[in-house]
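First up is the structure itself, then whatever we jot down about it.
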Amino acid sequence: MQAVSNGASWMVRIDDGADLFAELVAFARTHGIRAAAIDEGIGMFRSAEVGYWNGREYEPHRLEVPHELVGLHGSLAEVDGAPSVHLHAALGGPDHRLVGGHLLRAKVGVLVEAHLTAFPGRVFGRPLDEAFGLRRLDLEPGPTT
């Protein structure tokens, strides 16, 4: 992985064969980022799994052939002191059709280029919302100590 910043703005490149989530977690730990928006991303996945929330659970859809990553968005927060990555993706397949949804897992093919905006001095939380059975972004747990 390569990463450069211009203050709170980061550009990252994640390389072929990497687990996207593991790389983003490692990036957050290395750079002490506890709150960020994942603004955009492009590239390719060797394989991926997207989910559709049916109101009770995610219905997974596995993609076993490479797909172009045409859009990636999300957030980086913390759960129990560890980085938590929430992503949605739009993926183009070899038939030129798009598939998308909540990104459950992804293995990078060739590379992924992504732009993140960090919020220095902030911590975003992701507490469990019992009513929905999902972890929801909390922007107000307070500044870092």
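What the table shows:
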{"quantity": "Of all residues in segment 69-121 being under 20 Å from Leu139 (Cβ atoms) and among the small types (Gly, Ala, Ser), the one that is surrounded by the fewest Cβ atoms within 10 Å (Cβ to Cβ)", "calculated": "Gly81"}
{"quantity": "Scan of segment 95-145 for residues that are acidic (Asp, Glu) and out of contact with any Lys or Arg (no Cβ under 6 Å at 6 or more places or on another chain), ordered by number", "calculated": "Asp95, Glu130, Asp138, Glu140"}
{"quantity": "Tabulated pairs, segment 1-14, first under 15 Å from Leu72 (Cβ atoms), second part of a strand (DSSP E or B) and polar (S, T, N, Q), C-beta under 9 angstrom, 6+ apart or interchain", "calculated": "Trp10/Thr117; Met11/Gln2; Met11/Ser5; Val12/Gln2; Arg13/Gln2; Ile14/Gln2"}
{"quantity": "Single residue of Val25, Val65, Val108, Val4 found to be touching a Leu at 6+ places or on another chain (Cβ under 8 Å), among the β-branched types (Val, Ile, Thr) and at pLDDT 95 or above", "calculated": "Val108"}
{"quantity": "Number of positions in segment 11-49 that are part of a strand (DSSP E or B), of a type outside the set (Val, Ile, Thr), at negative phi and over 12 Å from the mean Cα position of the chain (by Cα)", "calculated": "9"}
{"quantity": "Residues being of a type in the set (Asp, Glu), assigned to a strand (DSSP E or B) and in contact (Cβ under 8 Å) with a residue 12 or more places away in the chain - total across segment 50-88", "calculated": "2"}
{"quantity": "Tally, over segment 106-144, of residues that are assigned to a loop (DSSP other than H, G, I, E, B), more than 18 Å from His31 (Cα to Cα) and touching a strand residue (DSSP E or B) at 6+ places or on another chain (Cβ under 7 Å)", "calculated": "5"}
{"quantity": "Residues (of a type in the set (Gly, Ala, Ser) and in contact (Cβ under 8 Å) with a residue 24 or more places away in the chain) located in segment 89-100", "calculated": "Ala89, Gly92, Gly93, Gly100"}
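To keep it simple, each residue is scored yes or no on (1) of a type in the set (Gly, Ala, Ser); (2) within 12 Å of the chain's Cα centre (by Cα); (3) within 25 Å of Asn6 (Cα to Cα).
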position: His61; (1), (2), (3): no, no, no
position: Glu68; (1), (2), (3): no, no, no
position: Gly74; (1), (2), (3): yes, yes, yes
position: Ala77; (1), (2), (3): yes, yes, yes
position: Ser84; (1), (2), (3): yes, yes, yes
position: Gly109; (1), (2), (3): yes, no, no
position: Arg122; (1), (2), (3): no, no, yes
position: Glu130; (1), (2), (3): no, no, no
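The values are calculated or read from the model by the stated rules, or taken from the named source; none is laboratory data. Everything numeric here is computed off the predicted structure, so don't read it as measured data. Using ideal geometry, Cβ is built from the backbone for each residue, glycine included, and neighbour counts are taken over all protein chains shown.
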